[in-house]
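Notes follow the structure.
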Amino acid sequence: MSSAQPHRAAEVSEWDAQADVVIAGYGIAGVCAAIEAARSGADVLILERTGGWGGAAALAGGFVYLGGGTPLQQALGFDDDAANMEKFLLAAVGPSADPVKIADYCAGSVDHYHWLVDCGVRFKEEFWGEPGWEPPHDEGLMYSGGENAAPFNTIATPAPRGHVPQMQNKRTGEKGGGYMLMKPLVETAEKLGVRVEFDTRIQRLIVDEGGRVVGVLARRYGKDLAVAARTGVVLATGSFAYNQEMVAEYAPRLLGRPAAAIEEHDGIGIQVAQELGAQVEAMDATEVAFFGDPQMLARGVVVNGRGQRYIAEDTYPGRIGQATLIEQDNQAFLIIDEQAHEAALATVTATPFFRQQPTWVAESIAELESEIGLPAGSLQESVSYYNEHAALGADPLLGKKPEWLKPIGSPVAAFDMRGFTAGFPLGGLRTDLDARVLDTAGAPIPGLYAAGRCTAGICTGGYASGASLGDGSFYGRRAGRSAARG
């Protein structure tokens, strides 16, 4: 018997707390659900398993993937519309992408920007155009999904959509854009009278005789609590990145890799919903971070264990990570000459810890190939072909942009980047456009809503930085409004 199976309301002798809308999780999806539910007139209670608000969102770089012609895009001179944004996402986020959900997200993107700003989120009118994981300062806009790189720059008109909340005293991984996104949203929720119980972890859903979700069983300081939800329960509990059994079952490529998430992402929201017959989708889909400096990657060539290039090095580094882990068995080597290496080190970056010393240094590609142990002639052939076309400003093989094309000279170095990947799962509960959790027959489960990384959002394979905070906040709002209606 699963410990996450639903509990019958008839077996609850006394409710320990009650609210119209009960939300599990106080990250980006939870706080946005709380705001909209409260604005809809609902009494809202958040159950957060840790001792404070924020979740993974507060520790993130803070990209919110927005487009379609936001005021920030317009102010910085970038033309975009919903159709162009949709065209890019359909090409970039995976072969099983939900076209209806993506169209919905793109059509509502500008409105969502205004909603965030109305809640106190600020975006600085400054663009960062260099390759990087995130802006090094408080610039508000950046390419965050490879929109300006091959192959997408030939599919849709490139437009930067990584919107980063303006921050103060930036500390990457501690107090960056994600913190400055969450802080004003939490303050908005507090002003609306949203109640919170910290150190309270949900265990099971409570259902009535008709199968409607009417509350949750939770646990706090070793005591079980029955919490009634008069109109709806919202699951905003994050991914299953730290549930090794679920990772092994659904996304085994991530086994043994660092999880780019927080330990509280243990899949509980998915599990309790599955016990009610909830449908899951894209459970094998993963985002993969790559622990490489984008400035170095763009200036060199990345080859696999056969000495062959396999991706345009000036693209979104998450795409390099996905291609490396999923398609190249985690085998990657960065080849770069001394001049390009020094030029990269002279640039500003938000992630200086990715700038390690080279593993091998040699006077020639042939010598470097031997040092690495690549198949004889493989790297020499790859670099010779690259150099021949780079001298002409072209990359017919993979489409790297001309500004990053320069023949690789001597002396030359190689970075051993095997295993330099981390990630988190993208799959989860299937929801409709109103954030209702759907069962295996495609029907809504009464009283149950979900948003954020416990759901399958707009990314079901490929990824763009900001998609998690983007669809988590967007559909978190929908979940709050729907749950308030009941």
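The values are calculated or read from the model by the stated rules, or taken from the named source; none is laboratory data. The model shown is predicted, which means the values in this text are computed figures rather than measured ones. Heads up, the Cβs are rebuilt from the backbone with ideal geometry, glycines too, and the neighbour counts pull from every protein chain shown.
Figures for the structure shown
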{"read-out": "Residue match in segment 77-96 (condition: touching a Lys or Arg at 6+ places or on another chain (Cβ under 9 Å), surrounded by fewer than 21 Cβ atoms within 10 Å (Cβ to Cβ) and of a type in the set (Gly, Ala, Ser))", "value": "no"}
{"read-out": "Qualifying residue in segment 47-67 (condition: of a type in the set (Gly, Ala, Ser), in contact with a Cys (Cβ under 9 Å, 6 or more places away or on another chain) and in the same structural domain as residue 205 (by TED's automatic domain parsing))", "value": "yes"}
{"read-out": "Selection within segment 105-114 - assigned to a helix (DSSP H, G or I) and surrounded by fewer than 20 Cβ atoms within 10 Å (Cβ to Cβ)", "value": "107, 111, 114"}
{"read-out": "Residue match in segment 205-212 (condition: at positive phi and either assigned by TED's automatic domain parsing to the domain that holds residue 482 or not β-branched (Val, Ile, Thr) (or both))", "value": "yes"}
{"read-out": "Leading residue by the ranking (nearest to the chain's Cα centre (by Cα)) among those in segment 367-382 that are of a type in the set (Gly, Ala, Ser) and under 12 Å from residue 414 (Cα atoms)", "value": "373"}
{"read-out": "Long-range neighbours under 6 Å by Cβ, at least six apart or interchain, first residue closer than 17 Å to residue 318 by Cα within segment 145-167, second of a type in the set (Ser, Thr, Tyr) and surrounded by 18 or more Cβ atoms within 10 Å (Cβ to Cβ)", "value": "145/316; 146/315; 146/316; 149/315; 160/143; 161/65; 162/144; 162/465"}
{"read-out": "Single match in 97, 38, 34, 42 (criterion: assigned by TED's automatic domain parsing to the domain that holds residue 167, part of a loop (DSSP other than H, G, I, E, B) and under 30 Å from residue 224 (Cα atoms))", "value": "42"}
{"read-out": "Condition broken by residue 314, with the remaining ones in (1) crowded, with 18+ Cβ neighbours inside 10 Å; (2) acidic (Asp, Glu); (3) not in a loop (DSSP other than H, G, I, E, B) satisfied", "value": "(3)"}
{"read-out": "Only one of 359, 347, 351 that is among the hydroxyl-bearing types (Ser, Thr, Tyr), surrounded by 14 or more Cβ atoms within 10 Å (Cβ to Cβ) and at pLDDT below 95", "value": "351"}
{"read-out": "Checking residue 334 against (1) outside any strand (DSSP E or B); (2) modelled with pLDDT of 95 or more; (3) not basic (Lys, Arg), the condition it does not meet", "value": "(1)"}
{"read-out": "In segment 406-421, residue nearest to the chain's Cα centre (by Cα) [restricted to those that are assigned to a loop (DSSP other than H, G, I, E, B) and buried (at least 19 other Cβ atoms within 10 Å of the Cβ)]", "value": "420"}
{"read-out": "Verdict on residue 134 being part of a loop (DSSP other than H, G, I, E, B), outside the structural domain of residue 318 (by TED's automatic domain parsing) and surrounded by fewer than 18 Cβ atoms within 10 Å (Cβ to Cβ)", "value": "no"}
{"read-out": "Every residue from segment 459-486 that is at pLDDT 95 or above, more than 8 Å from the chain's Cα centre (by Cα) and under 16 Å from residue 260 (Cβ atoms)", "value": "472"}
{"read-out": "Members of segment 279-298 that are assigned to a strand (DSSP E or B) and buried (at least 24 other Cβ atoms within 10 Å of the Cβ)", "value": "286, 287, 288, 290"}
{"read-out": "Test: residue 4 is over 19 Å from residue 211 (Cα atoms), among the aliphatic types (A, V, I, L, M) and crowded, with 17+ Cβ neighbours inside 10 Å", "value": "no"}
{"read-out": "Meets criteria (closer than 17 Å to residue 6 by Cα, touching a helix residue (DSSP H, G or I) at 6+ places or on another chain (Cβ under 7 Å) and in contact (Cβ under 8 Å) with a residue 24 or more places away in the chain) for residue 277", "value": "no"}
{"read-out": "Hits in segment 422-443 - residues which are part of a strand (DSSP E or B) and of a type outside the set (A, V, I, L, M, F, W, C)", "value": "423, 425, 428, 431, 436, 439"}
{"read-out": "Of all residues making up segment 216-250, the number that are without any contact (Cβ under 8 Å) to a residue 40 or more places away in the chain and at positive phi", "value": "2"}
{"read-out": "Qualifying residue in segment 135-142 (condition: closer than 22 Å to residue 401 by Cα and modelled with pLDDT of 95 or more)", "value": "yes"}
{"read-out": "Among residues of segment 9-39, those that are surrounded by fewer than 16 Cβ atoms within 10 Å (Cβ to Cβ) and aliphatic (A, V, I, L, M), counted", "value": "1"}
{"read-out": "Selection status of residue 186, surrounded by 20 or more Cβ atoms within 10 Å (Cβ to Cβ), in contact with a His (Cβ under 9 Å, 6 or more places away or on another chain) and hydrophobic (A, V, I, L, M, F, W, C)", "value": "no"}
{"read-out": "All positions within segment 362-386 that are in a loop (DSSP other than H, G, I, E, B), of a type outside the set (Gly, Ala, Ser) and surrounded by fewer than 18 Cβ atoms within 10 Å (Cβ to Cβ)", "value": "363, 375"}
{"read-out": "Residue in segment 443-486 that is farthest from residue 68 (Cα to Cα), counting only those that are surrounded by fewer than 24 Cβ atoms within 10 Å (Cβ to Cβ) and touching a Lys or Arg at 6+ places or on another chain (Cβ under 6 Å)", "value": "446"}
{"read-out": "Enumeration of residues in segment 34-70 that are touching a strand residue (DSSP E or B) at 6+ places or on another chain (Cβ under 8 Å) and either within 17 Å of residue 198 (Cβ to Cβ) or polar (S, T, N, Q) (or both)", "value": "34, 44, 45, 46, 47, 48, 49, 53, 70"}
{"read-out": "Qualifying residues in segment 235-277 (those that are in a loop (DSSP other than H, G, I, E, B) and among the aliphatic types (A, V, I, L, M)) - the one modelled with the lowest pLDDT", "value": "260"}
